[in-house]
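Trainee: Starting off with a structure, shown below.
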Amino acid sequence: MSVARGEELGLYPERVAEYFTSHGVTEVIVRGSVDDSTGYLLLVLHAESPAEAGNIADHLYRTTLAKKTDHGEGPIRMASGTFGKTDVNGAWYASGEYAVALVVTQPHDKSDGTLAERLQRTVNSLREVLPAE
């Protein structure tokens, strides 16, 4: 879908849509699912170049969670934190001309301590299609 359509659907606020557009994002691919109380959201953003994809992934990593605990540096940045009453674990990276952002969530009161494991398992599967570069 277009960046504008993603904004219309409420996937991200206007300021994020403006950032995407100003950094050459031409397409947004979104996938999401829910497994019991665990939510999964994947954004794949097609950028003009691998360098822009890296910049976008880094920007999303820095801005997605206001307060976070880092879980590694390198081609895949992973972190955990909270968003309101929701526990969040996320991964952000570039794969060629694509910026990848994946978050796994659970309501804090239903957290079962498996978010990091669920995120890692999902990242491992995703890397088969969109390898980290």
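The values are calculated or read from the model by the stated rules, or taken from the named source; none is laboratory data. Since we're looking at a predicted model, the values are computed, not measured. Virtual Cβ from ideal backbone geometry, glycine too; neighbours counted across all protein chains shown. Side chains are part of the model used for accessible areas, which takes the heavy atoms of the whole protein and leaves out ligands, DNA and RNA. Shrake-Rupley method; radii C 1.70, N 1.55, O 1.52, S 1.80 Å.
Trainee: Could you grab me the full set of residues in region 1-27 that are farther than 20 Å from GLY54 by Cα, assigned to a helix (DSSP H, G or I) and either open to solvent by less than 60 Å² (accessible area, probe 1.4 Å) or out of contact with any strand residue (DSSP E or B) (no Cβ under 9 Å at 6 or more places or on another chain) (or both)?
Mentor: Answer for region 1-27, where residues must be farther than 20 Å from GLY54 by Cα, assigned to a helix (DSSP H, G or I) and either open to solvent by less than 60 Å² (accessible area, probe 1.4 Å) or out of contact with any strand residue (DSSP E or B) (no Cβ under 9 Å at 6 or more places or on another chain) (or both): ALA4, GLY6, GLU7, GLU8, GLU14.
Trainee: Pick from region 44-75 the residues that are among the hydrophobic types (A, V, I, L, M, F, W, C) and not in a helix (DSSP H, G or I): which of them is surrounded by the most Cβ atoms within 10 Å (Cβ to Cβ)?
Mentor: Result: LEU45.
Trainee: Anything in region 12-30 that is aliphatic (A, V, I, L, M) and in contact with a helix residue (DSSP H, G or I) (Cβ under 9 Å, 6 or more places away or on another chain)? List them, or say none.
Mentor: VAL16, ALA17, VAL25, VAL28, VAL30
Trainee: Return the only residue of GLY96, GLY39 being within 30 Å of ASP109 (Cβ to Cβ) and surrounded by fewer than 17 Cβ atoms within 10 Å (Cβ to Cβ).
Mentor: GLY39
Trainee: Additional query: Take the residues of region 80-133 that are part of a loop (DSSP other than H, G, I, E, B) and in contact with a helix residue (DSSP H, G or I) (Cβ under 9 Å, 6 or more places away or on another chain): which is farthest from SER49 (Cα to Cα)?
Mentor: Per the criteria, the residue is LYS85.
Trainee: Taking the stated definitions as given, is ILE56 in contact (Cβ under 8 Å) with a residue 12 or more places away in the chain and under 21 Å from GLU7 (Cβ atoms)?
Mentor: Considered against the rule, which asks whether it is in contact (Cβ under 8 Å) with a residue 12 or more places away in the chain and under 21 Å from GLU7 (Cβ atoms), ILE56 comes out as yes.
Trainee: Ok, one more. Taking SER80 as the residue in question, decide whether it is open to solvent by less than 30 Å² (accessible area, probe 1.4 Å), of a type in the set (S, T, N, Q) and out of contact with any strand residue (DSSP E or B) (no Cβ under 7 Å at 6 or more places or on another chain).
Mentor: No: the conditions fail for SER80.
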